[in-house]
1. Determine the order of A:Glu154, A:Glu131 by accessible area, beginning with the largest, at a probe radius of 1.4 Å.
2. Tell me, what is the percent relative contact order of the stretch B:46-107, built from C-alpha pairs under 8 Å that lie six or more residues apart?
3. Considering amide H positions built from the backbone, and no H for Pro or chain starts, which residues 5 or more places from B:Tyr8, or on another chain, come under 5 Å of its amide H?
4. So which residue, out of B:Leu218, B:Leu71, B:Leu61, gets the largest mean-square fluctuation from a GNM of chain B using Cα contacts under 10 Å as springs?
5. Ignoring ligands, DNA and RNA, what percent of the accessible area of the stretch A:282-369 is carbon or sulfur (1.4 Å)?
6. List the lysines whose alpha-carbon lies under 27 Å from that of A:Lys68, not counting same-chain residues fewer than 8 positions away?
7. Treating only the Cβ atoms of Lys and Arg (+1) and Asp and Glu (-1) as charged, compute the dipole magnitude of the stretch B:214-278 about its Cα centre; round to the nearest 20 debye.
8. So for B:Thr368, A:Thr236, what's the accessible-area order with a 1.4 Å probe, most first?
There are 2 protein chains.
Amino acid sequence: MIIQTIDYRKGAVKIIDQTLLPDEERIVRLTDVKEAAEAITCLRVRGAPAIGIAAAYAMLLAVEQLLKERLIGGPRYFFDRLDGARPVDAAGIGEIEIRETLVAARELISTTRPTAVNLFWALERMSSVAESAAPGPAALCARVAREAFAIHAEELEKEYAIGMNGARFVRSGMNILTHCNAGGLATAGYGTALGVIYTAVEGGAKIHVYVDETRPLLQGGRLTTWELKKRGIPHTLLCDGAAASLFSAGRIDAVIVGADRIAANGDTANKVGTFGLAVLCERFDRPLYVAAPWSTFDLGIPSGKAIPIEDRSADEVTSIAGKRIAPDGTAAYNPAFDVTPADMIAAIVTERCVIERPNLLKIKELTTA
Amino acid sequence: MIIQTIDYRKGAVKIIDQTLLPDEERIVRLTDVKEAAEAITCLRVRGAPAIGIAAAYAMLLAVEQLLKERLIGGPRYFFDRLDGARPVDAAGIGEIEIRETLVAARELISTTRPTAVNLFWALERMSSVAESAAPGPAALCARVAREAFAIHAEELEKEYAIGMNGARFVRSGMNILTHCNAGGLATAGYGTALGVIYTAVEGGAKIHVYVDETRPLLQGGRLTTWELKKRGIPHTLLCDGAAASLFSAGRIDAVIVGADRIAANGDTANKVGTFGLAVLCERFDRPLYVAAPWSTFDLGIPSGKAIPIEDRSADEVTSIAGKRIAPDGTAAYNPAFDVTPADMIAAIVTERCVIERPNLLKIKELTTA
């Protein structure tokens, strides 16, 4: 079972609007690149892998829009993931015009989440295949479509592989704590940290998941609980500050989280609050697992100290669900991420391999292998 | 400067309605014992010392009500804190009737916050002086009034003493983290943990206070920020999960918190989230100070393991400010308190003394001295 967080069907990008969850499960069709850009900016689509796919699909949507405008009387739509990259009769349109459309789309989408590594990775991949496509507008369109669908399919495959690689750490009877949402909603539809849990459960493990609500944006309370409920996996929500007392009572066996960026030495940036869980794991001798695609490694960054941390708006702290909760003018400390040193991580689980007790040397060997 | 959280003026209990803070600073006059009981139940008054004072004043209010009902044409009000315990001409009322009123009031108030130690301590103190009062209705009324005003005055004196005893730990230039609200709003008007900070600042120390928002009920975000703003003390709000990254960046020099109950060996129950800060203090070699009146010791409880922890409603976690944030039916772990072992506490600061590195022996010596 996967959650169809994002898809490209019948000439439109389809997403679950995550800003409405868990109250409402609304599927939104995005029919032009501006709408797609807005959906990324406003976190209707969120989570590193999902943003990458959304960016690729937004580029394809720009081409779709151009074809629709120019080929009046043509087909109702040009691209659909289930059809794959069928040839498109784009004879009436110049190749240069398509390239210009792609450049403009890339520019617009780049502004949506300027610190999202996957966004730029996907845009670069789309631009690069466009540049090297066989001559002619039809070939260019087909190449762009093929790449967008490939990005989506590859991401999903990676998630299944991460799940298989990580499930070895999950035994029946375990109580597992997770933070934020590293599930199907954040990805191609299966998940990274939650993917590990899903694979274990699909393999018959009976586990209980404790879910940090993850202030300020409550991805745990809103999204992870929603996914676990949909899958019928027993779970309990808690405020972030209550995790320590669960550890103290011996009620947590392991912590599994995703990652936003991993440095060359294994230091891991993830949603703020993760490092506090790492400190608890250390004190109570419990393993902390990080599950993330290999592409999360940023090998140009030597250690966690060099990972840039996005400081987000004070409003996210001083308001909840639109209601102000602190006095006017209250200053807030609101980093998006914190950094967990590699030596506090039991294993980094990727689609390629599991790196137990990660360090610079182990990661270097795997990169050059 | 104190915050007049609670007072007894001109025949009524006056409180700041804390459920409306920080949006609105509304002073509410409670004119009968039912209103006073409702105010305690609904957390319009909260914080262990403030609840104790409110309970005593609610008992006095019951007597005031009886006098008003029976002595038609008598004075507009009978008791006022600023007048002290003036003699009351209660000749027209039987002593038994006054005693019955006090018993009924005690019964009603007992149901408001059944786990609040200070509530029962204050009720017991009021009942006890009523029993041993000199004969005659006038003497009984005066004795009850004197005791209620004494409880209030003594609490405030204790807070000043706690502040003086704790201020030695606060040096200019320090960044201090606090959790929940242990300030004037929770007490007779000055505070315990915040009282230490206030005394230091009044003595000229320039400090910066980091404030955990303290989910689920956000006492830090709503109340502590409000107090600090009123006093002009520089402060920054953060989500509870972000504290670890502040420690990691070397931006916290000490943590000061209040306490709800302290066992005979120094193990301390305080608002959930405190223990997680203790773990961070341990890892980053920073001191954790607990500031609380001596009455917070529950010497009948040998250690933290025996402190009963109130499990509160899941709704506090699954909703914020009346808005549901988790899917319907989501289970939640919502303990009101957690327990910090004595060996993780640098010092317990009371009005009587400072107990550095508290343990059973030190506390026993102080109790029997």
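1. Highest to lowest solvent-accessible surface, that is A:Glu131, A:Glu154.
2. Contact order relative to length: 41 percent.
3. Distant-sequence amide H within range of B:Tyr8: B:Lys14, B:Arg81.
4. B:Leu71
5. Carbon-and-sulfur percentage of accessible area, whole number: 52.
6. Excluding near neighbours in sequence, the set is A:Lys10, A:Lys14, A:Lys34.
7. 300 debye
8. B:Thr368, A:Thr236
The values are calculated or read from the model by the stated rules, or taken from the named source; none is laboratory data. Model, not experiment: these values are computed from the prediction. We place every Cβ from the backbone using ideal geometry, glycine too, and count neighbours over all the protein chains shown. Ligands, DNA and RNA are stripped out before the accessible areas are found, and what is left, the full protein with its side chains, is counted by its heavy atoms. Shrake-Rupley method; radii C 1.70, N 1.55, O 1.52, S 1.80 Å.
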